[in-house]
Amino acid sequence: MNDEGRKKRIAFTSTIANSKDTPPCYLEESVKELEKTPVADALRIGQKNGEVKDGHPGILYALFFRTACNIIVSCNKNNIALPEDEWFLSLVRK
């Protein structure tokens with residue numbers, strides 16, 4: 001996938017995650033699926049090591065993903081450089 005395709009996919013995902021029309025059951029199912037991913041496993045490990053905020057790993061992942069998508073979309077739309085990786089990680093770090 002080219003850069004333009006990635007930008008469109010992120011914009012679409014951001015729209016779905018932020019839409020007031022997205023049914024709550026979809027968001028709940030999304031969190032259930034996210035908690036089964038390797039990223040959620042990494043969040044659990046980080047929590048055990050005291051490096052990641054406490055909370056439900058699926059919800060933390062959803063929060064991280066939604067926020068990251070919003071920032072990426074805004075930066076892309078305005079031709080602004082993306083923040084450093086550490087900024088994104090600070091969303092879930094203690």
Please work out if Gly58 is of a type in the set (Gly, Ala, Ser) and in contact with an Asp or Glu (Cβ under 6 Å, 6 or more places away or on another chain).
-> yes
Scanning the stretch 1-54 for residues that are of a type in the set (Lys, Arg) and touching a Lys or Arg at 6+ places or on another chain (Cβ under 7 Å) gives Lys53
Would a scan of the stretch 39-52 turn up a residue that is in contact with a strand residue (DSSP E or B) (Cβ under 9 Å, 6 or more places away or on another chain), assigned to a helix (DSSP H, G or I), aliphatic (A, V, I, L, M) and open to solvent by 90 Å² or more (accessible area, probe 1.4 Å)?
-> yes
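Going by the structure shown, is Lys20 assigned to a helix (DSSP H, G or I) and charged (D, E, K, R)? Spell out the reasoning first.
Values: assigned to a helix (DSSP H, G or I): no; charged (D, E, K, R): yes.
For Lys20, the condition - assigned to a helix (DSSP H, G or I) and charged (D, E, K, R) - is not met.
The values are calculated or read from the model by the stated rules, or taken from the named source; none is laboratory data. Predicted, not measured: the structure shown is a model, and the values here were computed from it. Here the Cβ is made from the backbone with ideal geometry for all residues, glycine too, and neighbour counts use every protein chain on show. SASA here: full protein model, heavy atoms, side chains in, ligands and nucleic acids out. Shrake-Rupley method; radii C 1.70, N 1.55, O 1.52, S 1.80 Å.
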